[in-house]
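Worksheet for the structure shown next.
The values are calculated or read from the model by the stated rules, or taken from the named source; none is laboratory data. Note that the structure is predicted; figures quoted are calculated from it, not measured. When we count neighbours, we look across all protein chains shown, and the Cβ atoms used for this are built from the backbone with ideal geometry, even at glycine. All accessible areas refer to the heavy atoms of the entire protein, side chains included, with ligands and DNA or RNA removed. Shrake-Rupley method; radii C 1.70, N 1.55, O 1.52, S 1.80 Å.
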Amino acid sequence: MLKDVHLIFKLIKKDILLEFRQQYSFYGILLYVASTIFVLYLAMGQPENMVWNGLFWMMQLFICVNAIAKTFLQEGKGRQLYFYSLCSPVIFILARMVFNAALMLLMNLISLLIFTILLGSPITHPFLFFGISCFGACSISLVFSFLAAIAARAQQNAALMAILGFPLIIPQLMLLMRLSTLAFSNVFQSGLVSIILLLACFDIMVLLLSVILFPFLWKD
């Protein structure tokens, strides 16, 4: 067990080092985030609460598509064979999911900061919204990590990931937007606990599907 955990951390460290060596990819995503939010600022100024909330979560969706897809799709067959000889598929997919979740947490923090500077901050409870946004960023990254792994093994680039992902992610985004409305008001809304449990169960289901199905994709 400890050996597996150590190997997961080694794989995560490898991904971090690759990000530092390929900084153009990370800076490209930052440029995409900043320029998109700036265009929203020029077009809308400082929108009202619900519009601000919806724009933020849609931005998280497109950030995730751009950031997560490359982590699987940029790897060639030679590197995949090397990983095949190095570790088990379960360890590999878990390490990649942890790394992608950490990357999305960083991008979530940056995008939230730029949103606050340019589009204002209509949030009544900022710490609550920050916690919900971190939870949502991890949830979205888990889904697209799994879909990116399928798309990479199917050799269909990012198109397959987008086709499979949007029908799954739209209900999740709707739940996250409804959950985050709590941070904009002092009025308690019923059903929020059930939404949190539903999202948590969805994340667990994605993890279980990844652990069960990815080994079969790994062998192809």
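Can you say whether VAL90 is closer than 22 Å to SER133 by Cα and modelled with pLDDT of 80 or more, as far as the supplied structure shows? It is false that VAL90 is closer than 22 Å to SER133 by Cα and modelled with pLDDT of 80 or more. Which one is most open to solvent (accessible area, probe 1.4 Å) among residues in the range 94-117 that are closer than 19 Å to THR71 by Cβ and of a type in the set (Val, Ile, Thr)? The residue in question is VAL98.
Set side by side, the residues LYS3, LYS10 differ, and just one is basic (Lys, Arg), modelled with pLDDT of 80 or more and more than 17 Å from MET104 (Cα to Cα), which is LYS10. Just one of the numbered conditions (1) surrounded by fewer than 17 Cβ atoms within 10 Å (Cβ to Cβ); (2) in a helix (DSSP H, G or I); (3) modelled with pLDDT of 75 or more is not true of VAL65: (1). Condition test on ALA154, is it within 21 Å of LEU209 (Cα to Cα), surrounded by 16 or more Cβ atoms within 10 Å (Cβ to Cβ) and at pLDDT below 80? So ALA154 does not fit the description; no. Restricted to the range 35-44, and to residues there that are in contact (Cβ under 8 Å) with a residue 60 or more places away in the chain and farther than 11 Å from ILE117 by Cα, the residue that is least open to solvent (accessible area, probe 1.4 Å) is LEU40.
Candidates ILE29, ILE8, ILE16: the one that is under 25 Å from PHE129 (Cα atoms) and open to solvent by less than 90 Å² (accessible area, probe 1.4 Å) is ILE29.
Beta carbons closer than 6 Å, at least 6 apart along the sequence or on distinct chains, pair a first residue in the range 195-220 that is open to solvent by less than 100 Å² (accessible area, probe 1.4 Å) with a second that is charged (D, E, K, R) for LEU217/ARG153. Can you work out which of the residues in the range 103-156 that are of a type in the set (S, T, N, Q) and assigned to a helix (DSSP H, G or I) is farthest from ASN49 (Cα to Cα)? Of everything passing the filter in the range 103-156, SER145 is farthest from ASN49 (Cα to Cα). Take the residues in the range 15-44 that are more than 18 Å from the chain's Cα centre (by Cα) and at pLDDT below 80; name whichever of them is farthest from SER180 (Cα to Cα). Of everything passing the filter in the range 15-44, ARG21 is farthest from SER180 (Cα to Cα).
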